[in-house]
Amino acid sequence: MKQMHHHFFKTKNLIKNKQSIAALSEIDEHKDLSGNHILLAHRAIKRLQQFYVIPASDMSAGRFNDRIIGDRMDACDCYAMAKYCSEENDMYGVIEWAVESYNKWESDGRPECVDPELLNFYIVSSSVYTGFDFSNLIHINGSINLQEDIDKFSRYYHLIKNELIELEKENALNTFEVYYRLQKGINQDNFRNLCKHGVSQTIDNYLKCRYQTKDSFYRILMPFKEEDINSEPLIKIYHDVLYENEISKIKTLALENMIDAKIQSSINASTIEERSRSGQVCWINNNDEVKYFDSLNTRIETFTGFTTKTAEKYQIVNYGLGGHYLPHYDPFPKGAESKMFGNRLVTVLFYLTDVENDGYTSFPLLNIIAPTEKGAALVWNNLDMSNGKLDEKTLHGSCPLLKGNKWIMTKWLYEEGQNLPYDWKNK
């Protein structure tokens, strides 16, 4: 965020819209990018590190698997990472980022933003804690007595080590801690591998691509581009169903009303759990939906065959650096369904941006990913169409974003009003 702040001032000609000007005014007013903004950025970087297994040396160089994923981080940035790792009781993160900060501090001419005594403290304490002793690599001139610090830590560390271990268990940023709790650890490796490699593991010969009219006279001239992704449960992609002017309008409507995304913590409550879901979200109100989305609703009804009259409001989500949503189910749990409309029968997920080789929608139980393609709609059935029971194979998540900016919009179609072979009210 500090680097973006710096770039904006160097390239003032790029600052032309109200959102940018407002953001920079806020930064000027507070003179500092500390607090929650930097903490969440730190957590995003740590999440990307742990999820994709990226060492601090590569992360600070802005690269991953020969890809450029961001700007180079200097000694000050790495020092800030070590500081926040320490505050989060992540001692393995401390030693990795502190050593990286020291190396850059030496090569960058020892900038004043790094406190050498505190950096020394980070490296010595994390060396004693982790067993990876990097203290001999440090040659900091001045009043610092390195051997005295090492002896002191070694002598007294056993008194506090158990407490620190408990703190680490409680607070350390384990990427899959919440994943284990919510999904009982199922297919953790599949989710990670699909996100890392960007290739579906399951490809069937009978899956097709086709031009589809859906028995619509209008679509004879302008057919849908339909692609099969999976048969059971049914997953399809419809290419180029959202137009550029619609995407611009959607973003404009959403930008001023974005809030931190939440997850449902109980039947009647939602909470922000950044480790499970990190992004910004907005719901389109009824007036704007009637005004701008009537034709899109008609399109959805045509290619899905289901009515949108009982559907949920459009939800727009923006994922930035490290933005993600760990694998989850879209339907509400038992007892939390809408008494008027039932449960989320079908998900229609529109992509509002392209994200090259990143930001996939992953189905770990099916070994399937869907790429982020601007203007496309990813559609799948959440419930068994014969009895309304949850199809557990629809477990899905949004891969942590390494680079770029991902925008999506979702419409959930409910059971009420659909031509179904079961009575959802009495199922």
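Quick look at the numbers
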| read-out | value |
| --- | --- |
| Area of K425 that stays accessible when all protein chains are in place (1.4 Å probe, Å², to 10) | 130 Å² |
| Close Lys-Lys pairs in the stretch 314-427, where close means Cα under 15 Å and separation is 8 or more or interchain | 8 |
| Length added when fully stretched, S386-D66, from 0.36 nm per residue minus Cα-Cα | 110.4 nm |
| 1.4 Å probe accessible area per residue over the stretch 321-411, in Å² | 33 Å² |
| Sequence-distant residues sharing a close amide H with N230 (under 5 Å, placed H) | I235 |
| Rounded to the nearest 10 Å², the accessible area of K313 at probe 1.4 Å | 90 Å² |
| With every protein chain in place, the stretch 206-358: carbon and sulfur % of accessible area (1.4 Å) | 52 percent |
| In range of the label at K425: residues from the stretch 336-361 whose backbone nitrogen is under 17 Å from the point 7 Å along Cα→Cβ | 337-343 |
| Contour minus Cα-Cα distance for L39 and N357 (0.36 nm per residue) | 111.8 nm |
| In Hz, Karplus ³J(HN,Hα) per residue of the stretch 374-382 (6.51, -1.76, 1.60; θ = phi - 60°; x = Gly, Pro) | 4, x, 8, 10, 9, 10, 8, 8, 7 |
| Distance in nm between pseudo-label sites at Y243 and N257 (7 Å out along the Cβ direction from Cα) | 2.3 nm |
| Surface accessible to a 1.4 Å probe, D115 within the full protein complex, Å² | 70 Å² |
| Accessible-area order (highest first, 1.4 angstrom probe) of the listed residues T252, T307 | T252, T307 |
| Peptide ranges 121-128, 334-341, 280-287 listed from the most packed, as the mean C-beta count within 10 angstrom indicates | 121-128, 280-287, 334-341 |
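The values are calculated or read from the model by the stated rules, or taken from the named source; none is laboratory data. This is a predicted model, so every value here is computed, not measured. Note that we place each Cβ from the backbone using ideal geometry, even for glycine, and neighbour counts take in every protein chain shown. With ligands, DNA and RNA removed, areas are computed over all heavy atoms of the protein, side chains included. Shrake-Rupley method; radii C 1.70, N 1.55, O 1.52, S 1.80 Å.
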